[in-house]
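Here the structure is laid out as structure tokens; the discussion comes afterwards.
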Amino acid sequence: MKIKGFDVCDETMHVQVVEGEALSILTSKTGTWRSVRPLLAESVAPCSHACPGTIRIREYLALLGEEKIKEAAALLVEDNPLAAITGRVCPCFCEPDCNRGEFDQPIAIKSLERLLGDYAIKQGFSRSDLPVRKERVAIIGSGPAGLSAAYYLARYGYQVTIFEALPTAGGMLYWGVPEYRLPNKIVAEEIEAIKSLGVEIKTNVAVGQELTLNALLAEGYNAVLVAAGAWNDLKLNILGEETEGVIPGLKFLKRANSGEKVKVGDRVFVIGGGNTAIDSARVASRLGVKQVSILYRRSRAEMPAVAEEVEAALNEGIEIQFLVAPTEILVKDGRVNGIRCLRMELGEPDDSGRRKPIPIAGSEFNVDADTIIAAIGQAPDLAFLDGSGVEIARDGTISASPDTLVTNLPRVFVAGDAQTGPATVIQAVATGKKAALGIHSWLTGSEALVSPEGERVIKYEDLNVNYFEHEPRQELEGAEMEMLKSAAIAEAQRCFYCGSCNECNTCWFLCPDGVILSKDGKVDFDYDYCKGCGICAEECPRGAVILEEESKWQ
Amino acid sequence: MAIEEKTQRGTYELLSGAYSAAAGAMLSRAQVVAAYPITPQSTVVEKLSEYIAKGELAAKFIPVESEHSAMSVLASASAGGARTFTATARQGLALMHEVLHWAGRGRCPIVMAVVTASLGPPPDIAMEQDDAPGQRDTGWLQFYCQTNQEILDTIIQAYRIAETVSLPVMVVFDGFIMSHTYEPVFVPEQEVVDGFLPPRQTKFKLDPDHPWRFFASPGAVAGAPYMSKLRRRVQDAHEIAKEVTKEVQEEFYQHFGRRYEIFECYRTEDAEVILVAMTSVASMAHDVIDEMREEGKKVGLLRVRMFRPFPAQEIAAVLQNASKIAVIDRNVSYGRSGILALELRAAMYAAAKKPPIFGFIGGVAGLSLKMENIRYAIEYSYAHEEPEGEIIWLGIPAWEEQG
Amino acid sequence: MIKTKTLKQFGIEIPEAEYAPPGHTACGGCPGAAMLRQMLKFLGPRVIMTNPASCSGYFGRALEVPLCRCLFEAAAASGTGIRAALDVMGDKETHVLVFAGDGGTYDIGIQALSAAAERNENLIYACYDNEGYMMTGMQRSSATPAGAWSTTTPLPQPKRERKKDIVAIMAAHRIPYIATASIAYPNDFVSKVLKARETEGMRFFNLLAPCPTGWRFESRLSVKLARMAIQSRLFALVEVEDGIHWKVKQPKETIPVRDYIKAQGRFSHLKEADIEAIEKDVDEEWKLLIAKASVVEEI
């Protein structure tokens, strides 16, 4: 007996003889039931969102978790070539936002970055498969911004030459950050790795004297990137600032980092609350100074320095006096003798968003001092650009397009502290990358990449943490990847992989209708049959599935 | 082999009706037996479980907890391709009712021995015959047996018929009068039975290699139009079953030397009054017919053997030649009349000649139906032009009367 | 070699083969359908399923395994018949899966179920328990918990009687293996299906199936409710071997019973006193359960 093209119910028995495709005749296209539909919504993980370099953290952690260390390191340095450095000195924007932190402990991203960064340098950056272009790019400054830009430009195939005024390359990495925070050996290895891509670094060449920006352009460099950093110490603007015994912070660090045993007295005061101030205090301490103190005009909460550094300084016996500002340097016999101080209280927030210090009248007091290190801020030193025509903004930084970092001169780009003002290494890496992309798109005439607006960033509430087990955070300091491999892998496996489908197959398992398909390593939905029950969206451990009104799709 | 030789291949045994049924099921090589005890059927099942326990019958015996489950087990076992058997009676048959429909419309070739007795209340095991006829709408074939030999033989035939037309078959006989009385029964050799009844072959069964759906709805797509055709097909199968039964009966004769008809006529050719009856009533009536013929009365007997499908046309062709028809029912279809009487009246409506039908009801609730009752029924029919009503109560006075 | 997908959050392998394809007409979000789909993956391809009147009639529309429909009371009897046919034809390998609702298990089908258990029939009986006659319009069954609204226990008289303890009933039959399961605990569920698969004799599952339609909650929360039921201890994850060895999985993180109750519309009429009574009852029942257990594991 046939009906509608298939054998149904044999005449000898009540049996429906339907099989294979014909079974579909007994089903309905239940997709018509839907009022909401599930969608794969690849979203941004909060760690990546917080990172100024937008490093693809979850992706490299996923590879590491699968024991693909080489691939993980390769992916990391694709986004951050200075991973070995940021893994040591970054203020670490990512970990406080890590969703795992609300579940048990955040992933030790910074430590993993260090391990993978060191590993990557040991592996070396490969020159093979790189294209070769004839265009030449000059970079002024071999600090993190310049090095980052050089890395990306070299990978695009350009001929890159970095001009460095100081005897050794590295910029703030070598000359600013102290050895105990960032060993010079690491900086040197990083630079060697970048040089191995074909990048040329000319040290002891100061642009602005014999060699000007315009000269570089005339010489045949297709583009010039200014990555000169922010090397000018800001002045205290108080009486006695020019007295012997008052040393600007960056100059102090530069001299100390050059190997000079800088002469400081017994009673050192550092003015300021940023990294330069803390670094100066800790370096002074290591020079054998008996008592080092820091004066900061706001409270601890407003200190811009890396929190761990402040903690370390205090542990080393460095005294920090909060809510104190210097009003006058006291001089005796032509040398620093003390500081006249004024106590402060906090008022309303100022432009920086931090609460403004307000002097407390009548609260003056004096301290004895024989050395004062003034580390209250930095600004770019752009004297070398006089006569170049490059537009400089009121705050002393170089103005640039936010998308490509091109200046008012079409062949001149800027990256790093010279553009942002004093900032972090990762920001320098990020702007170096953006400038490199900007240069590349300009030289090839293609569209510049613009970051998409309004992306969904995963919050803890978007996850379904019932699918995770509590695991302790691994201890990953004090050794390299070789020794810490299993701990590193275990730590990476703690990553939730927020906001991205990794085909964990949870939704595929739970779906009552079996409409979850596989496409390119992620899930897809059979909308012919999906009833829109929403279980997949509710249960996705990493918040990668959302529900949308079906009417939007009609 | 000549028929005479075949009839020698076996032995005579003194068997009760129940044991005859058990022997029939064993010889038919039933594979799955699920049954629940109920008087007067229990000895059928006891005997079968003995056969199985001793290894004489290679079957799976399932001592279920109710008749409803017994039939449910068999319906699914049947879908699974097995040859199945059970026996029941009275309340047990009534309890199975829902599943009888399932097996009938589901076209499961199950064979069941039904030992008729009364439906309660009270829960008495009295002689009556309302249980089996009461299930005539369920799609099952029904054969009503007269002798213990016939019980054994009909069960074997039943499997042939059932598995050919894919319909379940009831083999019905009287409780106590037949189930518990012994007659000499010729039990044929297994080999002879195997020659007549091969193992069940079915095109479709539950099989992991094929996702077929048994007893299922065709769903929204095909739905009612399709299911209606299926219902009609069941009726078609019943009509085919009648012809198949005749062929099977003929073939049975060739193998075993015993002949059966779907209904049997005894001295009806020139009869003025034909008595229509089933089972032991019919076998008693034989003697009454002979007695009355001695007295010069032209009487005859029509024994209905195949009750479903009801061979209306053929029976009408015989009965229309009589002047009067008397029918004895040991059952009541309350609100109407005796069930056999109902069937006959419907059958005769299409006949060219329509003799009056005297519908007698007697021998219910354990009241014995004796030969004098049968004689009375025939004489009454002779004496009256027309029946007074649809029911003439045989030996059962009205409530107000004494006795 | 069977092709599998890894359920990465649990590190377990799930067969890829689908025997319950989409297009069936169960309500969206039905955990019963989800659990049938999973059971067939592990029992197939050599499995025959039988099911009585129940919602399973909706999600058993087009299966890639043979299906034998049966009458409401007869689920266990039907399974028995299929097993008998397979056995007499020499097939000891093919699994028989009876898939019935709580109505067909706790109520109308309990007689046949008890008999099959007493005979230790070699089949897997899976009851998907949505705590009511949901297919026919949400009438109460003996599996409906005390206090619940249903269409036959409407307000002001919600169900008074407590939910029947089907696990204890089945344990009294001393069958080889009994288990309860929840889709929210995939590891536990799968391990129990695997254990049942390797056991001979009668195996009984009570699968919790929170019903969006009958319990009154949004369909996307089915799995969440299946989790909350366990965490509140109102439904216990247990295994019973041979009717006497009880193993209980104790939730590591518990939630108040009221959280689970308040998530369901069928309890929305309950007053504080009613909820407290339920909470007290859950505590007492849990104590009794733990006292029976020879093994208690955390989950």
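The values are calculated or read from the model by the stated rules, or taken from the named source; none is laboratory data. None of these values were measured; they are calculated from a predicted model. Counting neighbours? That spans all protein chains shown, and the Cβs are built from the backbone with ideal geometry, glycine included.
Annotations
- Residues in region A:183-208 that are surrounded by 23 or more Cβ atoms within 10 Å (Cβ to Cβ) and either on the phi > 0 side of the Ramachandran plot or in a loop (DSSP other than H, G, I, E, B) (or both): A:199 alone.
Condition check ((1) in contact with a Leu (Cβ under 8 Å, 6 or more places away or on another chain); (2) within 11 Å of another protein chain (Cβ to nearest Cβ); (3) under 24 Å from residue C:70 (Cβ atoms)) across all residues:
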{"site": "B:180", "(1), (2), (3)": "no, no, no"}
{"site": "B:185", "(1), (2), (3)": "yes, no, no"}
{"site": "B:194", "(1), (2), (3)": "no, no, no"}
{"site": "B:199", "(1), (2), (3)": "no, yes, no"}
{"site": "B:204", "(1), (2), (3)": "no, yes, yes"}
{"site": "B:207", "(1), (2), (3)": "no, yes, yes"}
{"site": "B:214", "(1), (2), (3)": "yes, yes, yes"}
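- Positions within region A:352-377 being touching a Pro at 6+ places or on another chain (Cβ under 6 Å) and either at pLDDT below 95 or loosely packed, with under 13 Cβ neighbours inside 10 Å (or both), in sequence order: A:355
- Scan region B:65-95 for residues that are within 14 Å of chain C (Cβ to nearest Cβ) and more than 16 Å from the chain's Cα centre (by Cα) and the total you get is 21.
- Among the residues of region C:236-253, the ones that are of a type outside the set (Lys, Arg), over 13 Å from the mean Cα position of the chain (by Cα) and outside any strand (DSSP E or B) come to 5 in all.
- Qualifying residue in region A:289-308 (condition: modelled with pLDDT under 95, more than 22 Å from residue A:91 (Cβ to Cβ) and among the polar types (S, T, N, Q)): yes
- Region A:317-381 holds strands (runs of 3 or more DSSP E) entirely within its bounds, and those carrying 1 or more residues that are free of Cβ contacts under 8 Å to residues at least 40 places away in the same chain map to A:319-322, A:324-332, A:335-349, A:355-359, A:365-368.
- Unique match (being of a type in the set (Asp, Glu) and modelled with pLDDT under 95) among A:129, A:118, A:79: A:129
- In summary, residue B:172 fulfils each of the numbered conditions (1) touching a strand residue (DSSP E or B) at 6+ places or on another chain (Cβ under 6 Å); (2) at the interface with another protein chain (Cβ under 10 Å from one of its Cβ atoms); (3) of a type outside the set (Gly, Ala, Ser) with the single exception of condition (2).
- Answer from C:54, C:114, C:150, C:141 - the residue that is surrounded by fewer than 24 Cβ atoms within 10 Å (Cβ to Cβ), of a type outside the set (Val, Ile, Thr) and within 23 Å of residue C:266 (Cβ to Cβ): C:150
- Odd one out for residue A:54, checked against (1) facing chain C (nearest Cβ under 9 Å); (2) β-branched (Val, Ile, Thr); (3) at positive phi: (1)
- Qualifying residue in region C:51-66 (condition: more than 17 Å from the chain's Cα centre (by Cα) and acidic (Asp, Glu)): yes
- Residue B:98 being surrounded by fewer than 23 Cβ atoms within 10 Å (Cβ to Cβ), within 14 Å of chain C (Cβ to nearest Cβ) and either of a type in the set (Ser, Thr, Tyr) or over 16 Å from the mean Cα position of the chain (by Cα) (or both): yes
- Members of region B:235-244 that are within 9 Å of chain A (Cβ to nearest Cβ) and surrounded by 15 or more Cβ atoms within 10 Å (Cβ to Cβ): B:237
- Residue match in region A:271-293 (condition: assigned to a helix (DSSP H, G or I), farther than 18 Å from residue A:179 by Cβ and touching a helix residue (DSSP H, G or I) at 6+ places or on another chain (Cβ under 9 Å)): no
- Residues of region A:227-242 that are touching a Gly at 6+ places or on another chain (Cβ under 7 Å) and either closer than 23 Å to residue A:406 by Cβ or assigned to a loop (DSSP other than H, G, I, E, B) (or both): A:227, A:228, A:229, A:230, A:234.
- Among the residues listed as B:120, B:195, the single one being in a loop (DSSP other than H, G, I, E, B) and over 12 Å from the mean Cα position of the chain (by Cα): B:120
- Strands (runs of 3 or more DSSP E) wholly inside region C:1-115 containing at least 2 residues that are more than 11 Å from chain A (Cβ to nearest Cβ): C:47-51, C:95-101
- Residues satisfying the stated conditions in region A:509-541, i.e. more than 10 Å from every other protein chain (Cβ to nearest Cβ) and touching a residue at least 40 places away in the same chain (Cβ under 8 Å): A:522, A:523, A:524, A:525, A:527, A:540
- If you go through region C:98-111 and keep only what is surrounded by 24 or more Cβ atoms within 10 Å (Cβ to Cβ) and in contact with a Ser or Thr (Cβ under 8 Å, 6 or more places away or on another chain), you end up with C:98, C:99, C:100, C:101, C:102, C:103, C:104, C:106.
- Residue list for region C:188-235, filter: in a loop (DSSP other than H, G, I, E, B) and closer than 30 Å to residue C:122 by Cβ: C:198, C:199, C:200, C:201, C:202, C:209, C:235
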